[in-house]
């Protein structure tokens, strides 16, 4: 028997942003459960034009890569703020606090992580 899962990130994965009062500026679809992933995490996130993620976060052990799939903006990693554009890939080590801010056209990205579940620490109003 084959071992695979096919799901649509928009149709099959719920938007978690309304649950945390981040809508309409943020869309956040976390696919780990839907795809039945073990050590891998995957999410699709979108920020409205000029919106900023309302928190920063870091991980105990999970390394992440973000791929900008639409738009542009800025990423803040610790005290470093960098411009990012479509198809930029940003690797962030576990203990680095990070957050995104959308440019004038908004920003959408995939976040891919490898590590244990539930190892994130959220830092409100970090930017």
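Just so you know, all these numbers are worked out from the coordinates, no wet-lab data involved. Because the structure is predicted, anything quoted here is derived from the model rather than measured. Using ideal geometry, Cβ is built from the backbone for each residue, glycine included, and neighbour counts are taken over all protein chains shown.
For the reader, a short list of remarks on this structure follows.
- A convex hull fitted around the alpha carbon atoms of segment 67-127 yields 92 Å³ per residue.
- Counting neighbouring Cβ atoms within 10 Å and putting the fewest first, the residues 37, 42 line up as 37, 42.
- Normalised contact order of segment 28-114, rounded percent, pairs of Cα under 8 Å and 6 or more residues apart: 41 percent
- Residue 50/residue 91 FRET efficiency (R0 30 Å; Cβ-Cβ; nearest 0.05): 0.70
- Cα pair distances exceeding 11 angstrom across segment 62-101, given as percent: 61 percent
- Cut-off 17 Å, label 7 Å out along Cα→Cβ of residue 80, residues of segment 92-121 by amide N: 92-101
- Projected over all directions and averaged, the alpha-carbon convex hull of the chain occupies 7.8 nm².
- Cβ-Cβ FRET estimate between residue 70 and residue 1, R0 fixed at 30 Å, reported to 0.05: 0.25
- Burial ordering of 122, 1, 22, 53, fewest other beta-carbon atoms within 10 Å first: 1, 122, 22, 53
- Sorted fewest first by neighbouring Cβ atoms within 10 angstrom, 107, 6 come out as 6, 107.
- Cα gyration tensor, segment 1-43 - rounded (a/c under 1.5), prolate or oblate: prolate
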